[in-house]
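The values are calculated or read from the model by the stated rules, or taken from the named source; none is laboratory data. This structure is a prediction, so every number in the text was calculated from the model and none was measured. Cβ coordinates were reconstructed from backbone atoms using ideal geometry, including for glycine residues, and neighbour counts include every protein chain displayed.
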Amino acid sequence: MSRPVQTVEDAIALWRERLEVERRASAHTVEAYLTDLGGFLAFLTVHLGKPPGLDDLEALTAADLRAWLARRTSGGLARTSTARALSAVRGFFRHLERRGIASNAAIATVRSPKLPRQVPRPLSTDQSTDLLALADDDALPRWVAARDLALFMLLYGGGLRIGEALALDVGTVKGAGDTLRITGKGNKQRMVPLLPRVREALDAYLADRPDGAPAASPLFVGVQGKRLNPGVAQKRFRELRLLAGLPDNATPHALRHSFATHLLGSGADLRTIQELLGHASLSTTQRYTDVDAESLLSVYRSAHPRA
């Protein structure tokens, strides 16, 4: 088999380029994949007694791969972590085959660990309302408090991921009507409604911004005028969570879960919620039916005299 590269390192460099350029994966995703692959190759170095070459990768058996999975399990690593690592390794082997570098059929025979079904943990309507009210804090500079309120209103009112919200620019919002175009995972775009109260919060924030909010600038900025760091927003959210007496599961992402759950509870259909959240698969959105069922059971148990 002719090979355009000669070493595993060359193959990794090509894979990284594909992830970054062709798939437009985020820097965080790329680093996570490379870290998982690095752990796999480190295991093989011990398992085979030498750093693996391309021929070694082609010669790996299902037993070799299961030994790697077993080592992760004995090391106490979570099944979710192992499933992600296996997905990264499979992606690398697909890259090797696609490029004509190496081929290994055994990787397809190894099953991913069975994962427990995760149910999203949204905030209640009252919890969401209380937290948003606390964001409008008189102790902060007016524009900073307005920024925090606008950001969290957008997450709850539009179901955005925090990264999606922080990636927006002023011109995108100023030019929007009743809907906002969001670029999500995989560079996929979707339209979400820009509710009147969310629009009011955004307009108030932009009016208060000391730099005049130029159209080409980031929508949410820090005190230095640069695009707001997610860590800053998450830290502020933790502060508000403590003030509101909310549990640890109250995170910016919980506002996205709340958006979906509250829509479902109000009668919205799953397909609509799928579109609004930007889920590729309806099965991902169906998790929210479990949340709604849990809510109904909670009400029943607390209110029914026979419960």
Does Pro210 satisfy the condition of being outside any helix (DSSP H, G or I), assigned by TED's automatic domain parsing to the domain that holds Leu160, in contact (Cβ under 8 Å) with a residue 40 or more places away in the chain and in contact with a Pro (Cβ under 9 Å, 6 or more places away or on another chain)? yes
Confirm whether Ser124 is small (Gly, Ala, Ser) and surrounded by fewer than 18 Cβ atoms within 10 Å (Cβ to Cβ). yes
State whether the residues of the stretch 63-81 include one that is charged (D, E, K, R), modelled with pLDDT under 95 and either outside the structural domain of Leu14 (by TED's automatic domain parsing) or in contact with a Lys or Arg (Cβ under 8 Å, 6 or more places away or on another chain) (or both). yes
Just for the stretch 1-36: of the residues that are at pLDDT 85 or above and polar (S, T, N, Q), which one is farthest from Leu57 (Cα to Cα)? Thr35
Determine, yes or no, whether Arg24 is on the phi < 0 side of the Ramachandran plot and either touching an Asp or Glu at 6+ places or on another chain (Cβ under 8 Å) or not small (Gly, Ala, Ser) (or both). no
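Yes/no matrix, rows are residues, columns are (1) at pLDDT below 85; (2) exposed (fewer than 13 other Cβ atoms within 10 Å of the Cβ):
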| site | (1), (2) |
| --- | --- |
| Gln189 | yes, yes |
| Asp211 | no, yes |
| Leu246 | yes, no |
| His262 | yes, no |
How about the stretch 144-188: which of its residues are in a helix (DSSP H, G or I) and more than 22 Å from Ser128 (Cβ to Cβ)? Val170, Gly171, Thr172, Lys174, Lys185, Gly186, Asn187
I'd like to know if the stretch 193-200 contains one or more residues that are in contact (Cβ under 8 Å) with a residue 24 or more places away in the chain and in contact with a Phe, Trp or Tyr (Cβ under 9 Å, 6 or more places away or on another chain). yes
Within 22 Å of the chain's Cα centre (by Cα) and surrounded by fewer than 16 Cβ atoms within 10 Å (Cβ to Cβ) - does that describe any residue in the stretch 142-164? yes
Extreme residue, farthest from Thr109 (Cα to Cα), among residues of the stretch 31-70 that are surrounded by 15 or more Cβ atoms within 10 Å (Cβ to Cβ) and charged (D, E, K, R): Asp36
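Is it true that Ala25 is aliphatic (A, V, I, L, M) and either assigned by TED's automatic domain parsing to the domain that holds Gly163 or part of a loop (DSSP other than H, G, I, E, B) (or both)?
yes
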